[in-house]
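Asks: Structure provided below as structure tokens; questions to follow.
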Amino acid sequence: YFFHSFSFYLIPFNILATPLIMLLVVGGIISAVFILIIPNLGILIAKILFWPLQILLQSAQQIPQLKLSAFAVGQISLVTLIIIYSILVTIWLNKRFQKYWHIGALIIIGLIIIPIIYKNITLLKITVLEGNKVPIIVMQNRGKVTLINVGSETDIKYTLSPFLSQQGINKINTVIITNNQDELSLSIIKKKIKINSIIDLFDNK
């Protein structure tokens, strides 16, 4: 609701990470107690806990880099959000509805996907975003998206990416560069979203 995106790996990762978190919390308490009584043993326990901690940290860093780690769904209404959570809570607490969880899942997916499809079919919109050096223009034409300029690294992080997520944009058909854009900005935007083609007006090759 706030970040306008859905993570496909969020629930599986949290399920897998829970035992590690429990081990680190309990192990940390035990290590702290033993440091007061037998310092060497407490230090040894802390060193052993270093490895599950590294696994947890590495996983948290790598998972956001995976494809489809975050799927932009756009701005959903508060009513839609309440309906989705009502379905989840009903399936969770009511055993009679648990055997129909797949129907609930389809309804939730429909509530998210159908508005995106409808908007892509009908929307015609041009948005000008303020950039540090040049304006960033996003043109949406019935599912096809053209981006003029990507801005600086800061523009991408704080202006462009939030806007694309809010609009439910997961693919850009064409990026047109009208200024002398640095390679870093281009590489960042390529990692964040799928781009079909880039037209660089300053490319002299």
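The values are calculated or read from the model by the stated rules, or taken from the named source; none is laboratory data. Given the structure is predicted, the values throughout are model-derived calculations rather than measurements. Every residue, glycine as well, gets a Cβ built from its backbone with ideal geometry; the counts of neighbours run over all protein chains shown. Protein only, heavy atoms only, side chains kept; ligands, DNA and RNA dropped before computing areas. Shrake-Rupley method; radii C 1.70, N 1.55, O 1.52, S 1.80 Å.
Asks: Take the conditions assigned to a helix (DSSP H, G or I), small (Gly, Ala, Ser) and under 14 Å from the mean Cα position of the chain (by Cα) and apply them to Ser161. Does it pass? Spell out the reasoning first.
Replies: Numbers: assigned to a helix (DSSP H, G or I): yes; small (Gly, Ala, Ser): yes; under 14 Å from the mean Cα position of the chain (by Cα): yes.
Here the answer is yes, as Ser161 does meet what is asked.
Asks: Could you please let me know if Phe2 is in a loop (DSSP other than H, G, I, E, B) and of a type in the set (Phe, Trp, Tyr)?
Replies: yes
Asks: Sticking with this one: Is it the case, given these coordinates, that Lys133 is in contact (Cβ under 8 Å) with a residue 40 or more places away in the chain and under 20 Å from Ser161 (Cα atoms)?
Replies: Yes.
Asks: Can I ask one more? I'd like the full set of residues that are loosely packed, with under 15 Cβ neighbours inside 10 Å and of a type in the set (A, V, I, L, M, F, W, C), limited to region 194-205.
Replies: Ile199, Leu201, Phe202
Asks: While we're on this one: Restricting the search to region 159-193, which residues are among the hydroxyl-bearing types (Ser, Thr, Tyr) and either crowded, with 16+ Cβ neighbours inside 10 Å or at pLDDT below 90 (or both)?
Replies: Those that are among the hydroxyl-bearing types (Ser, Thr, Tyr) and either crowded, with 16+ Cβ neighbours inside 10 Å or at pLDDT below 90 (or both): Thr159, Ser161, Ser165, Thr178, Ser185, Ser187.
Asks: Given the conditions (1) modelled with pLDDT of 90 or more; (2) touching a helix residue (DSSP H, G or I) at 6+ places or on another chain (Cβ under 7 Å), and given that Phe3 satisfies all but one, which numbered condition is not satisfied?
Replies: The single condition Phe3 does not satisfy is (1).
Asks: A further question on this structure: Among what's in region 134-149 and is among the hydrophobic types (A, V, I, L, M, F, W, C) and modelled with pLDDT of 90 or more, pick the residue that is most open to solvent (accessible area, probe 1.4 Å). Even if it seems obvious, please write down each step before you answer.
Replies: The first filter runs over region 134-149 and keeps only residues among the hydrophobic types (A, V, I, L, M, F, W, C), leaving 134, 136-139, 145, 147-148.
Remaining after also requiring modelled with pLDDT of 90 or more: 136-139, 145, 147-148.
Working: Ile136: 0, Ile137: 43, Val138: 1, Met139: 70, Val145: 9, Leu147: 2, Ile148: 33 Å².
Restricting to residues being among the hydrophobic types (A, V, I, L, M, F, W, C) and modelled with pLDDT of 90 or more, the top hit is Met139.
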